[in-house]
Amino acid sequence: MTDLTQTPAAIPTPTPAPRKGSLMVADKATIRRNRAEARFKAYGIGAICIALIALVFLLFTVIRDGAGAFQQTYVSIPVTLSADVVDPKGNRDPAEMAKVLTMSYGKLMDAALTDWMAANAVQIEGLSQADIKGFFSGQASAELRNMVLADPALVGQQVDATVLASSRVDGMFKGRVTDESAARDAKTSSQQIALARAMEEKGALVTRFNSDFITNPDASDNRPEAAGIGVAMLGSLYMMLIVLVLALPIGVAASIYLEEFAPKNRWTDLIEVNISNLAAVPSIVFGILGLAAFINFMGLPRSAPIVGGLVLTLMTLPTIIISTRAALKAVPPSIRDAALGVGASRMQTVFHHVLPLAMPGILTGTIIGLAQALGETAPLLLIGMVAFVSTYPSAPPEGLMDPASALPVQVYNWATRADPAFFERSSGAIIVLLIFLLCMNLLAIFLRRKFERRW
Amino acid sequence: MMNTMRLAEKAVAEETIKITARDVQVWYGDKHAIKDVNVDILANTVTAFIGPSGCGKSTFLRCINRMNDTIDICRVEGRIALDGEDVYDRRVDPVQLRAKVGMVFQKPNPFPKSIYDNVAYGPRIHGLARNRADLDAIVEKSLRGAALWNEVKDRLSEPGTGLSGGQQQRLCIARAVATQPEVLLMDEPCSALDPIATGQVEELIDQLKTQFSVVIVTHSMQQAARVSQKTAFFHLGNLVEYGDTDDIFTRPQDPRTESYISGRIG
């Protein structure tokens, strides 16, 4: 300051410096810098393009392979429920009728198809009885039996039944089964394919939206056409509820304590490091932990959503704690000063001012944690959720203890089965899983926009 | 003319001691930030703390309402008494203390809520209003007290963060006033404001001293001279000189004070 007031006279008058080239011509250093910048931009665009191509490829293959799971072929022919077969005692007693095996209904179906062929003058050279039997899904006769048992008045009548065709017939309409593949496949034949073509022409085969895929439980290896993701979706939903109910309050409370109340000392440093470590622990390790702690030690049932939910909670907690702490840190300290300055207690400061401002970050972190948990497979395999579950769990809270599956596990499960029809289901389940994840991320964006406040 | 006016005012101000500080020491970790500060702050008086950056004036201010409690590494020793009661006594709840000793900060920091809720927050958490009408009255009185009422009375439900900088700072003053404190601490309240807003806030401070004991930290010596009756000069953690503002600025006793006031250090 003193220098400035004393020395103005000492500053030499500026002499015009010799010109070092025109502004109109870029010098070498500038050209080099501009080139480097252009290169860097090109790298960036290239990186984005590679990411986009990978995404498009992923979506394309999944949708190509999985779209078929949402369509299903049904046989729609009149079936005569002959009283001799379904009610051999002739007394219409449901208890007696329940003794008739599903296999007998299969014979009715086979007869109905033979009748239909005769009525429509369809004749196929070399069509065997096995081809006719294999035309229907194993599920078809069971469905017919349930229909009759539910309404004994149908006995002796002719009904228009719409039942599942076998996966081979279904595959024919999806391009999976051709004459060439039929020649190598013991479960189908070119005669069966010819029959299917003829039936389609006459309108006895219909392909329509497959709502059973959404609602059915898993099915055995022999009937992929009946398999659905209903139990897996419900199991995933139960687990997400458990994760939300446990991980959100525990995670938020832990981060509020660590961030706003805990003294900063060696212990809290240790805890902080360990939380970060926990976030990096491979998920399969959590599976082993869940197996040891919840099933072996606490004696909770295997394959149950409660155990899956607890394991996923442990896995999600670090994510929620880390993102919540980041959100709390991002709230300007001046807000805390302001609240403390008017005599608010620490808790009032946190709950009235800090937490509402941190809410968008907390919610986003929670939903991203949930989305991660939704897609997690490895720990669930270890706690038995990979088991074949063909019955729905009951409503919560008891249902949390019932065996269930989970979406990603179902994908894994189907992908390991031999029948190509299961591969299609697997891709279909991936589509459903991706739709759920997309919805959750959209919800996260929506909540962030809604709660975001400026100051 | 200003001087004679201030002298006249000083004569009427009752010379009761509001805050007593004795041998106050503050450490930040190993750093001795405040050394042996002894000062008596009077009621219904504006006391200015001046000094170069990092001299401890803000630190000392934050000791008075125990805002330093929020800093883990900060340690306070000595005695600071409000009306003869030690504020660092074990029985004192800092929350209760801060209701009595309000604070306005350097940067205007309204809550991201409506103007009304900003002012009503303190009375609400301290249960000062029995019903909505009471609360309305407190809000209006506080906003009038902060000379902001006429500007915001038609938009009380709009966010406080949407006001201009000077208005925001007056809103913060209204918020502090609304809890009916006895002492108002101001930490460089005008450093983020333009000259016009500064003038408004200074005028306000002059009015506030009729109800409170005001302690203001400022970097501007002109401001200290304009608004305060008492001035304390801090340097490197020491309270170098404390006395009537006129004496400090016209007849400083300590050479360091003189150097600072004349602009040679700082």
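Some observations on this one:
- Cβ crowding within 10 Å ranks A:Ser189, A:Ser76 as A:Ser76, A:Ser189, fewest other Cβ atoms first.
- Partner chain coverage, peptide B:151-162 - average Cβ within 10 angstrom: 1
- Protection-proxy order for peptides A:340-353, A:292-305, each taking the mean of Cβ atoms within 10 Å per residue, highest first: A:340-353, A:292-305
- When each of A:Lys329/B:Lys113; A:Lys329/A:Lys450; B:Lys35/B:Lys141; A:Lys264/B:Lys113 is checked by Cα-Cα distance, pairs over 29 Å: B:Lys35/B:Lys141; A:Lys264/B:Lys113
- Sorting B:Ser142, A:Ser104 from the fewest to the most surrounding beta carbons within 10 angstrom yields A:Ser104, B:Ser142.
- Order of B:Cys74, B:Cys55, B:Cys172 - criterion: other Cβ atoms within 10 Å of each residue's Cβ, fewest first: B:Cys74, B:Cys55, B:Cys172
- Placing unit charges on the Cβ atoms of the charged side chains and taking the dipole of region B:17-261 about its Cα centre, the candidate lying farthest along the positive direction among B:Tyr28, B:Val95, B:Thr257 is B:Val95.
- Mean partner shielding of peptide B:103-115, defined as the number of other chain Cβ atoms within 10 Å of each residue Cβ, is 4.
- Peptide B:169-177 - average C-beta neighbours from other chains (10 Å radius): 1
- Region B:188-266 - Rg and Dmax from Cα coordinates, angstrom: 13.0, 37
- Relative contact order, percent, chain B [alpha-carbon distance under 8 Å, six or more residues apart]: 27
- Lys/Arg +1, Asp/Glu -1 at C-beta; chain B dipole; positive extreme among B:Gly243, B:Phe60, B:Gly160: B:Gly160
- Chain B: most fluctuating residue of B:Met221, B:Met186, B:Met103 per GNM, C-alpha cutoff 10 Å: B:Met221
- Overall, region A:230-451 carries a charge dipole of about 440 debye about its Cα centre when +1 sits on the Cβ of Lys and Arg and -1 on the Cβ of Asp and Glu, all other atoms neutral.
- FRET E, pair B:Glu258, B:Ser220, Förster distance 25 Å, beta-carbon r, rounded to 0.05: 0.90
- Chain B - Rg over Rh from alpha carbon coordinates, Kirkwood radius: 0.96
- Prolate/oblate/rounded label for region B:146-228 (Cα gyration tensor, a/c 1.5): oblate
- Förster radius 25 Å - calculated FRET efficiency between A:Asn120 and A:Thr178, Cβ distance, rounded to 0.05: 0.55
- Considering only B:Ala232, B:Ala81, B:Ala174, the mean-square fluctuation computed in a Gaussian network model of chain B, springs between alpha carbons under 10 angstrom, is largest for B:Ala81.
- Backbone phi angles across region B:221-229, fed through the Karplus curve with coefficients 6.51, -1.76 and 1.60 (θ = phi - 60°), yield HN-Hα couplings of 5, 4, 5, 4, 5, 6, 9, 9, 9 Hz in residue order; Gly and Pro are listed as x.
- Quarter the surface of the alpha carbon convex hull of the protein assembly as shown and you get the mean projected area, 53.5 square nanometres.
- Loop-resident trypsin sites (Lys or Arg not before Pro) (DSSP state other than H, G, I, E or B) in region A:400-455 with no more than 11 further Cβ atoms inside 10 Å of their Cβ: A:Arg454.
- Comparing A:Leu382, A:Val311, A:Gly299 along the charge dipole axis of region A:230-451, the residue lying farthest to the positive side is A:Val311, per the Cβ-charge model.
- Convex hull volume of the Cα atoms of region A:192-296, normalised per residue: 176 Å³.
- In region A:321-363, the alpha-carbon atoms span a convex hull of 55 Å³ per residue.
- Projected label points at B:Asp83 and A:Ile50, each 7 Å from Cα along the beta carbon direction, are separated by 7.1 nanometres.
- Dipole magnitude for chain B: computed about the Cα centre from +1 point charges on Lys and Arg Cβ and -1 point charges on Asp and Glu Cβ, it is near 460 debye.
- Max mean-square fluctuation residue, GNM over chain B, Cα-Cα springs under 10 Å, options B:Gly162, B:Gly237, B:Gly56: B:Gly162
- Listed by number, the DSSP H helices of chain A that run 24 Å or longer by alpha-carbon position along their axis and have mean Kyte hydropathy of at least -1.0 are A:28-66, A:102-119, A:230-256, A:305-329, A:355-374, A:420-451.
- Extension reserve of the A:Ala130-A:Leu101 stretch, reckoned as 0.36 nm per residue once the Cα distance is removed: 8.5 nm
- Cα gyration tensor shape of region B:19-95, rounded if a/c is under 1.5, else prolate or oblate by comparing a/b with b/c: oblate
- When the Cα gyration tensor is reduced to axis lengths a ≥ b ≥ c, the ratio a/c is 1.5 or higher for region A:102-238, and with a/b not above b/c it is classed as oblate.
- About its Cα centre, the protein assembly as shown has a charge dipole of approximately 1700 debye under the convention of +1 per Lys or Arg Cβ and -1 per Asp or Glu Cβ, with nothing else charged.
- Spin-label model, B:Arg90 to B:Lys31: label points 7 Å out along the Cα-to-beta-carbon direction sit 3.1 nm apart.
Readers should treat all values here as calculations from the given coordinates under stated rules, not as data from a laboratory. Note that the coordinates shown come from a computational prediction; the quantities given were computed from them, not determined experimentally. Note that each Cβ is placed from the backbone with ideal geometry, even for glycine, and that neighbours are counted across all protein chains shown.
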